[in-house]
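Reading through the structure tokens given below for one structure.
The values are calculated or read from the model by the stated rules, or taken from the named source; none is laboratory data. Bear in mind that the values here come from a model prediction, so they are computed numbers and not experimental data. Because the Cβ atoms are built from the backbone with ideal geometry, glycine has one as well, and the counts that use them run over all protein chains shown.
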């Protein structure tokens, strides 16, 4: 396993930035790439580990990455190269921070500090929810990130999905009130009722929106929960939320007891 040189205070100034990675060759551990420093034009060797390249729904085949392909990646660290004394960058295309960096490049209000990204929940290659908030009175944080005619969010999606992927971005309005925040995070469905207790939440939606509220494979509820820090259960409108919450807590207690046996 590679030694992370950033732990030894040898971190590259590129760590935490987005770069364009040029695929050279694929191997069992990942993809060897070349990255060019935009400021100095210096060429860096880089490694995109397979674990940081694919984050796909169960059963989905991984995309092909061929020599000559380019993709946008986040530099997450620096490791020892294949030869003694050499270094190479470690890359990720699945890190939530990559979405934040890419979106920021298209939104002037983020660069100016008028809008901040509060959190990102992501299943790379499928969907990401981005929570934003204004720091300046009168600024529409969500509208600024989407852009007129959705041009900003569509541009960010195109860059994020370069080489492979069909990931969609959803911009969520952040709130300090957890129920309101979760209500926003459940987009694109409308929530009719909600109950939040500690780290659990029961969310009611109209029956015809039930599948959308849960999402394919539970994805929408999963991302809303990641974004808000809540465990989310979606039920149809008219359900007794108090009883649903009690059942949820009982199921959790049973699961914990079974794990302890």
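Data table
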read-out	value
In the range 129-138, the residues that are surrounded by 15 or more Cβ atoms within 10 Å (Cβ to Cβ) and either out of contact with any strand residue (DSSP E or B) (no Cβ under 8 Å at 6 or more places or on another chain) or free of Cβ contacts under 8 Å to residues at least 40 places away in the same chain (or both)	134
Selection status of residue 183, more than 23 Å from residue 110 (Cβ to Cβ) and either within 21 Å of the chain's Cα centre (by Cα) or surrounded by 15 or more Cβ atoms within 10 Å (Cβ to Cβ) (or both)	yes
Set 210, 223, 195: member being outside any loop (DSSP other than H, G, I, E, B), outside the structural domain of residue 107 (by TED's automatic domain parsing), without any contact (Cβ under 8 Å) to a residue 40 or more places away in the chain and in contact with a strand residue (DSSP E or B) (Cβ under 6 Å, 6 or more places away or on another chain)	210
Single unsatisfied condition, residue 205 versus (1) touching a strand residue (DSSP E or B) at 6+ places or on another chain (Cβ under 8 Å); (2) modelled with pLDDT of 95 or more	(2)
